[in-house]
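Data block below; observations after.
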Amino acid sequence: MKYPLPENFLWGGAVAANQCEGAWNIDGKGMSTADCMTVGAADQAREYTDGVLEGKFYPNHQGIDFYHYYKEDIALFAEMGFKCLRTSIAWSRIFPEGDETDPNEKGLQFYDDLFDECLKYGIEPVVTISHYETPYGLVRKYGSWRNRKLIDFYCRYCTVLFRRYQHKVKYWMTFNEINCIALHPETAAGIRIEDGEDFDQVVYQAAHHELIASALAVSAGQQINSDFKIGMMMIYPLTYAETCNPEDAVRQMKMMDMHTFFSDVQVRGAYSHKAKKMLEAKGVKLQMETDDERILKAGVVDYIGFSYYMSTVASADPGKQRINGNMLQGIQNPYLRVSEWGWQIDPIGLRLSLNQLYDRYQLPLFIVENGLGAQDHLEVDGRVHDFYRIDYLRAHIEQMILAVEEDGVDLMGYTPWGCIDLVSASTGEMSKRYGFIYVDRDDNGQGTLRRYKKDSFSWYKKVIESRGTDLD
Ligand code: BG6
């Protein structure tokens, strides 16, 4: 690459509390929706059970036991030269049932210690406030985000976090992949759709509650510390039209509209005309309170965080065979290879995504997830030769730098997903690994939990050291 990325570029890695911490019922933590997700497989969906049932295996209960290993793990991140670590706070560690008035001190203390450990190495914490876990008490008693009461519980939680960590955390994101509520409401927001219920009505009402909660949180955060940078976070589902048939182009536009529906509100502070038409067409009647429009306007975000793993293809022909990807389905792209889990690998798509988002919003962007889920082989000498992961990341970083250097995109940082192996969100597998650090744990929860550096570990260290100029 021609020039190094700026000195203050946030190179790092990303994890989420529910997928790595484990310690699911320790030090006062309550049960969360992620604790009720059984193990699945590449071709078998996880089951979202009503509470924790006997005889089922719940891989998030132990995760990779980051709760106890965090010092060792952060030392490894520091060795790679991380400038930041994106992690989330487990809501049910702070409010075990979700509706208490007082927080759990032991939970708060854990994150104080975690952030102190990061800061000791000059690693800036980047915090997702809610990443695919809701206190299960809120599901049982209120039906999760379908209920407007969740806004108050969430805002109380945010205020506690903002006050407590205001001198340790500057970068926040309100909800992980907020647009996924419309695709997988149970994973994203703990919502069960009951028989006979109108999916769209329930989901978009719940989404409205999240959007209001997010806007209120942004406003509250800015009051508490005006230096905070509070962002939104979406899955960016780059979609191509299958052919130059205008019908395919319309289909592609509609697929993207489903996602910009959310970012438009969080960035611009209002539902777009198109969003209103889309709700109308679906027969959704949003229940809004008189102050809602003002709240949305006041609580616009400072930056856009997004995840990018793959791209997909839209066709107007409903008969076309569809393949699965990250939370989405689409048509196979003949120009792209796929990962072992069938996700279409598209580095140039990252450059296009950065451009599309920046052209649309002119807000700073932050790539907060990207990476390759792959099976790794731990050699007898303790090494892991993950050249395929290096290839994937190199190709994506090249395109990211082109977007910055040639296209002028304002990019804050890059945090590849699962910088240490963790439990997969979609399948619950451990064998779908993303990390620079291998964790000895298998899909059945067996293993020593010992950590090993993969080949990608020293490679990424060099990338960070050279600020992106040495990708070999
Ligand atoms: C993102 C989620 O969609 O994809 C993460 O924010 C998730 O939580 C990541 O882990 C990768 O997906 P998976 O299913 O391979 O874990």
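Read-outs: derived from the displayed coordinates by stated rules, not from any lab. Everything numeric here is computed off the predicted structure, so don't read it as measured data. Quick reminder, even Gly has a Cβ in these numbers, built from the backbone with ideal geometry, and neighbours come from all protein chains shown.
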Margin query: Using each residue's phi in region 150-164, evaluate 6.51 cos²θ - 1.76 cosθ + 1.60 at θ = phi - 60° and report the 3J(HN,Hα) Karplus result to the nearest Hz, with x for Gly and Pro.
Written below: 4, 4, 5, 5, 5, 5, 4, 4, 4, 4, 4, 5, 4, 5, 5
Note to self: I need the shape label for region 246-326. Rule: rounded when a/c is under 1.5, else prolate if a/b > b/c, else oblate, with a, b, c from the alpha carbon gyration tensor.
What the structure shows: oblate
Note to self: Could you give the length gained by full extension between Phe57 and Asp116, i.e. 0.36 nm per residue of separation minus their alpha carbon distance, to one decimal place?
What the structure shows: 17.9 nm
Next item on the list: For region 1-61, state which trypsin sites (Lys or Arg not before Pro) are in a DSSP loop and have at most 15 other beta carbons lying within 10 Å of their beta carbon.
Entry: Lys2, Lys56
Next item on the list: Can you tell me which of 360-366, 389-395 comes out highest on packing, and rank the rest after it, using the mean Cβ neighbours within 10 Å?
Entry: 389-395, 360-366
Notebook entry, point to check: Which shape class applies to the chain: rounded if a/c is under 1.5, otherwise prolate when a/b exceeds b/c and oblate if not, where a ≥ b ≥ c are the square roots of the Cα gyration tensor eigenvalues?
Noted result: rounded
Note to self: With θ taken as phi - 60° and the coefficients 6.51, -1.76 and 1.60, list the Karplus ³J(HN,Hα) couplings across region 130-135 in order, rounded to whole Hz; mark glycine and proline as x.
What the structure shows: 9, 10, 6, 7, 10, x
Next item on the list: Quick one: which residues, 5+ away or cross-chain, put their amide H under 5 Å from the amide H of Ser32? H built at 1.01 Å from N.
Entry: Tyr136
Next item on the list: Would you please give the residues with an amide H less than 5 Å from that of Ile323, counting only those at least 5 places away or on a separate chain, with H modeled from the backbone geometry?
Entry: Gly330, Ile331, Gln332
Check: If you find the alpha carbon centre of region 321-373 and of region 226-285, how far apart are they in angstrom?
Finding: 16
Note to self: Distance between the C-alpha centers of region 379-422 and region 120-185? Whole Å please.
What the structure shows: 27
Notebook entry, point to check: Mind checking which aspartates and glutamates have their C-alpha under 16 Å from Lys83, skipping anything on the same chain fewer than 8 residues away?
Noted result: Glu7, Asp73, Asp116, Glu117, Glu124, Glu369, Glu465
Next item on the list: Can you figure out the FRET efficiency of Asp257 with Asp381, using R₀ = 45 Å and their beta-carbon distance, to the nearest 0.05?
Entry: 0.30
Margin query: 5 Å is the cut-off here: which amide hydrogens, built 1.01 Å from N in the peptide plane, fall below it relative to Thr128, excluding neighbours closer than 5 in sequence?
Written below: Thr87, Ser88, Ile89, Met173
Note to self: What FRET efficiency comes out for Gln166 versus Gln287 if R0 is 30 angstrom and r is the Cβ-Cβ distance? Round to the nearest 0.05.
What the structure shows: 0.35
Margin query: Between Thr243 and Glu197, what is the label-point separation in nm under the 7 Å Cα-to-beta-carbon projection?
Written below: 4.1
Margin query: Less than 26 Å apart at the alpha-carbon level, and either on another chain or at least 8 residues along: which lysines does that give for Lys274?
Written below: Lys254, Lys282, Lys285, Lys297
Check: Between region 15-56 and region 78-104, how many Å separate their Cα centres?
Finding: 16
Next item on the list: Find how much the distance from Thr159 to Glu405 grows on full extension, using 0.36 nm per residue of separation minus their present alpha carbon separation; answer in nm with one decimal.
Entry: 84.8 nm
Item checked: Within region 166-205, backbone nitrogen closer than 18 Å to the virtual label 7 Å beyond the Cα of Ala45 toward Cβ -> 180-204
Next item on the list: Scan the chain and report its longest stretch carrying no GluC sites (Glu not before Pro) that are both in a DSSP loop and have at most 16 other Cβ atoms within 10 Å.
Entry: 101-193
Notebook entry, point to check: For labels at Arg360 and Asp470 in the simple 7 Å Cα→Cβ model, what's the distance in nm?
Noted result: 3.8
Item checked: Virtual spin-label span in nm between Asn8 and Lys106, 7 Å along Cα→Cβ -> 4.0
Item checked: In Hz, Karplus ³J(HN,Hα) per residue of region 101-112 (6.51, -1.76, 1.60; θ = phi - 60°; x = Gly, Pro) -> 8, 10, x, 7, 4, 5, x, 4, 5, 4, 6, 4
Note to self: Taking loop as defined by DSSP and a crowding limit of 14 other beta carbons within 10 Å, which chymotrypsin sites (Phe, Trp or Tyr not before Pro) in region 44-73 fit?
What the structure shows: Phe57
